[in-house]
Structure formats: C-alpha cells, structure tokens
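Encoded as structure tokens, the structure appears first; notes follow it.
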Amino acid sequence: MPDPEVPVAEETPPETETETEVATATETQTEPEPETEPESEAGSEAPKSKTMIAIIAALVVLALIAGGVLLARKKSAPAPKKAASVKIEATLPLETFVVNLAGDERSYLRVTMTLGLAHPLVKEKQETGLPVPAVRDTILTVLSTAHPAELLQPEGKAQLKAQVLQALQARLPEMDIKEVYFTEFLVQM
C-alpha cells in the first residue's frame, strides 16, 4: 500500500501530433500581436508627420519675418547713415518766419526752424557774438523764392531745407551749420 502522504508522480504521456498542432496553433496566435504593433506605429507616425509639418511651417514663417526685417532695415539704412555722419553738438532755435511766397500775392509761409551746429555754443557768444541778423536775412531770402505748390509736396520741403542749409553754409561758414530742422511749417494759399 502506498503511503498516502507521499504523492505519486504521474507520468505524462509523450506528445502526440494533435498536441503539437495545438501548441503550434497557440504560437501562431501570438504572432498576430506583433502585426498590431506596426499599426500602432503607423498611427503614431501620423502625429509625428503632423508635428514635422507644423515645425517646418513655423520655420518658414520665421524665415519670412526675418527676411522682411532685414529688407526693411536695408531700405531705411541709407538715411540714418547720412544723419550719423553729421555730429550735431548744439542747436540754435530761431524765431518764427512769416514770408510771402513767390508767384501768388495771397500765399505765405509760416515756418519755425532750429539750426544744428557742429560745435557747442559758448554762453558768452550766444548772448553777444551770434550773427542772428545775418542768419535771418539769409533764410528770408531763400524762403521768399519758394512757390506754394512746391512746398505742399515732401520733396519741395526737402529741397527748401537743402537750399536754406546751402545758403547758410556759404554765407556763414564760421557757424559750421550742419542741419536745418523745421519745427513748424504752414503754407497758406
């Protein structure tokens, strides 16, 4: 009689062909799972491609903005270079000028100017030595030759400013005038 407390090992019969087929079928059933992984990878590729498209679009927009900024700087660069080459040390504000304009009896110009000087003004020279009457006479002479239709255009104002500057530099070179600034400009027709 066998001892009830000791378990008896059961013998397993050798594998038959049907058990081998079942085991193989089980292994083949686990193979389709890897096929679902590529589908999930394909699904994750779609968000990756959308992300790449968004990044590329953002880079294109940034490149366009940078190009626009550089183009704007390039176009506006010549004007500051001219102003940067002239160093203004002092300014001389002048009283308002009221002048009848050439060509029409009823039109006049009211303009206030400040002159930009290349050297600082000494306080004693400001009170006594500035040739203000000569400056005003020179400016009045140039202003009275202007035509009202020309002064209504930006080019006409720029031309008048250049004429005033040229006349002042020719008549009063010792003042070293480098700029003329219009602080008030009114044309009455």
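Rule-based calculations on the coordinates, nothing more; no lab input. If you're wondering where the values come from, they're calculated on a predicted model, not measured in any experiment. For neighbour counting, all protein chains shown are included, and Cβ atoms are generated from backbone atoms with ideal geometry for every residue, glycine included.
Before anything else, pin down the relative contact order of the range 87-188: Cα pairs under 8 Å, at least 6 apart, normalised by residue count, whole percent.
Here the relative contact order equals 38 percent.
Most tightly packed first, judged by the mean number of other beta-carbon atoms within 10 Å of their residues, the peptides 169-175, 110-116, 143-149, 67-73 read 110-116, 143-149, 169-175, 67-73.
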